[in-house]
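The values are calculated or read from the model by the stated rules, or taken from the named source; none is laboratory data. This structure is a prediction, so every number in the text was calculated from the model and none was measured. Here Cβ is always computed from backbone atoms with ideal geometry, including for glycine, and neighbour counts include all displayed protein chains.
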Amino acid sequence: MREAGIGRVLVASLHQGIADILPTRLGFYENWLNVRGFRGKPIGLAPLHAVLSFLRQEGAAYQTIMTRAGEYAADWTIDSMPRVERAFIRAMPAWVRGRLLLRLARRLVRNSYDGSGATVRVRRGTARIDVRASIFCTVRERVPQPLCGFYAAAFERLLARFNLQSRAVVLACRGTGETTCVLMVALPGGRPDAEHDVTAAIDGAPGHPGADASGAGAWRTK
């Protein structure tokens, strides 16, 4: 099903995201990202890196495509779950549901690319998700904006599909020179001020009035 650990859900979600946002460019990207990856035949790491490299040169469209692809990946991950598992999660109280969905978020990271992994820590109703070896953030030179939009959008979508509205922010990204990628998600049903914690992180985002002079801080997908 995969070569070098590249999951079919990643290939399919990127393909659909490009088709939605840059339909006239889809033929170009299908030179590397083609239907072989949807039929259980892997595309390999080199073609995937080529696709991501060219997408980063598309300007603002890159982030939009990554957001759309992350949402598709979340939807298809949920739709592939056994019906009884989905029903079980929906029946749980909000705080339990959130923690079960964090497990699903870890599964999505692994299923996208076996070389990646995620660890989750929950404190005061806020989840800190460390994504190791993100396939999106392996770049030769630092970039000005984080490249973790796929994960942030996917995590938000996972929660939303189970009636938990939240926001995911990127606190650190390997693409901008950090040692790992770190995202923060407020879990509905947790501490009342958890949403404030995430809002404060957004206020520190590069370019935001609340950012410090170094420009350090969080970045949100949308």
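At a glance:
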{"quantity": "Qualifying positions in the stretch 66-85 - surrounded by 13 or more Cβ atoms within 10 Å (Cβ to Cβ) and free of Cβ contacts under 8 Å to residues at least 24 places away in the same chain", "calculated": "MET81"}
{"quantity": "Options THR199, THR126: the member that is modelled with pLDDT of 90 or more and within 30 Å of MET92 (Cβ to Cβ)", "calculated": "THR126"}
{"quantity": "Among the residues listed as ARG174, ARG140, ARG121, the single one being among the charged types (D, E, K, R) and surrounded by 17 or more Cβ atoms within 10 Å (Cβ to Cβ)", "calculated": "ARG174"}
{"quantity": "Pick from the stretch 104-115, criterion touching a helix residue (DSSP H, G or I) at 6+ places or on another chain (Cβ under 8 Å) and surrounded by 15 or more Cβ atoms within 10 Å (Cβ to Cβ), ranking: farthest from ALA74 (Cα to Cα)", "calculated": "TYR113"}
{"quantity": "Residue within the stretch 167-178 that is within 25 Å of TRP95 (Cβ to Cβ), charged (D, E, K, R) and either modelled with pLDDT of 95 or more or not in a loop (DSSP other than H, G, I, E, B) (or both) present", "calculated": "no"}
{"quantity": "Conditions (1) part of a helix (DSSP H, G or I); (2) farther than 20 Å from ALA12 by Cβ; number of the one not met by LEU52", "calculated": "(2)"}
{"quantity": "Single match in ALA153, ALA118 (criterion: part of a helix (DSSP H, G or I) and touching a helix residue (DSSP H, G or I) at 6+ places or on another chain (Cβ under 6 Å))", "calculated": "ALA153"}
{"quantity": "Residue in the stretch 92-103 that is touching a helix residue (DSSP H, G or I) at 6+ places or on another chain (Cβ under 9 Å), in contact (Cβ under 8 Å) with a residue 12 or more places away in the chain and not in a helix (DSSP H, G or I) present", "calculated": "no"}
{"quantity": "Some residue of the stretch 71-81 being in contact with a strand residue (DSSP E or B) (Cβ under 7 Å, 6 or more places away or on another chain), among the small types (Gly, Ala, Ser) and modelled with pLDDT of 95 or more", "calculated": "no"}
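Every residue, every condition in (1) part of a helix (DSSP H, G or I); (2) more than 19 Å from the chain's Cα centre (by Cα); (3) among the basic types (Lys, Arg), yes or no:
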| residue | (1), (2), (3) |
| --- | --- |
| PHE28 | yes, yes, no |
| LEU48 | yes, no, no |
| GLN63 | yes, no, no |
| ALA105 | yes, no, no |
| VAL131 | no, no, no |
